[in-house]
Amino acid sequence: MCVEELGCCGAYCKTCPVFAEQLCKGCKIGYKTGERDLAKAKCKMKVCCIGRDYNSCAECELFATCTVLQEFLGKNGYKYQKYRQALEFIRKQGYAQFIAIADQWIRQYGKYE
């Protein structure tokens, strides 16, 4: 199971067309190897998640009260609802079940059927 291609926010980079075209490095790739410097990251959510060595924000005990996460997930737009759904699914069902479903998607989010 590879969670490296799962964004801290719940986006599944592996099936994202922009990621597939190598126009985006994804949320986490390169930080553990030192190719990218976390101190230069602008995303507060990413800095917190990777800094705590979480695979995603779904692991955080402050999930429901984190202002950074809740502001991000509260933005207008379908994708933010789907990212929230992904994180909540992971919290309940785990990464293995999430990835088994997400590997079938054609973008960074999808259905859970």
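Taking the criterion of being under 11 Å from the mean Cα position of the chain (by Cα) and among the small types (Gly, Ala, Ser), the only residue of region 75-90 that qualifies is 86.
Selection of region 72-83 for residues being polar (S, T, N, Q) and either in a helix (DSSP H, G or I) or touching a residue at least 24 places away in the same chain (Cβ under 8 Å) (or both) yields only 81. Of all residues in region 69-89, those that are touching a helix residue (DSSP H, G or I) at 6+ places or on another chain (Cβ under 8 Å) and crowded, with 16+ Cβ neighbours inside 10 Å total 9. Among the residues making up region 1-21, those that are more than 21 Å from residue 70 (Cβ to Cβ), in a loop (DSSP other than H, G, I, E, B) and either at pLDDT 90 or above or under 12 Å from the mean Cα position of the chain (by Cα) (or both) are 3, 4, 5, 16, 21.
Figure legend. Inter-residue proximity from region 84-106: first residues free of Cβ contacts under 8 Å to residues at least 40 places away in the same chain and over 15 Å from residue 5 (Cα atoms), second residues of a type in the set (S, T, N, Q) and surrounded by fewer than 17 Cβ atoms within 10 Å (Cβ to Cβ), beta-carbon distance below 8 Å, spacing 6+ or different chains. Indicated pairs: 89/97. Taken as a whole, the condition of being under 23 Å from residue 105 (Cα atoms) and either assigned to a loop (DSSP other than H, G, I, E, B) or out of contact with any His (no Cβ under 6 Å at 6 or more places or on another chain) (or both) does not apply to residue 49.
The values are calculated or read from the model by the stated rules, or taken from the named source; none is laboratory data. Nothing here was measured: the structure is a model prediction, and the numbers come from that model. Cβ atoms come from the backbone with ideal geometry, glycine included; neighbour counts cover every protein chain shown.
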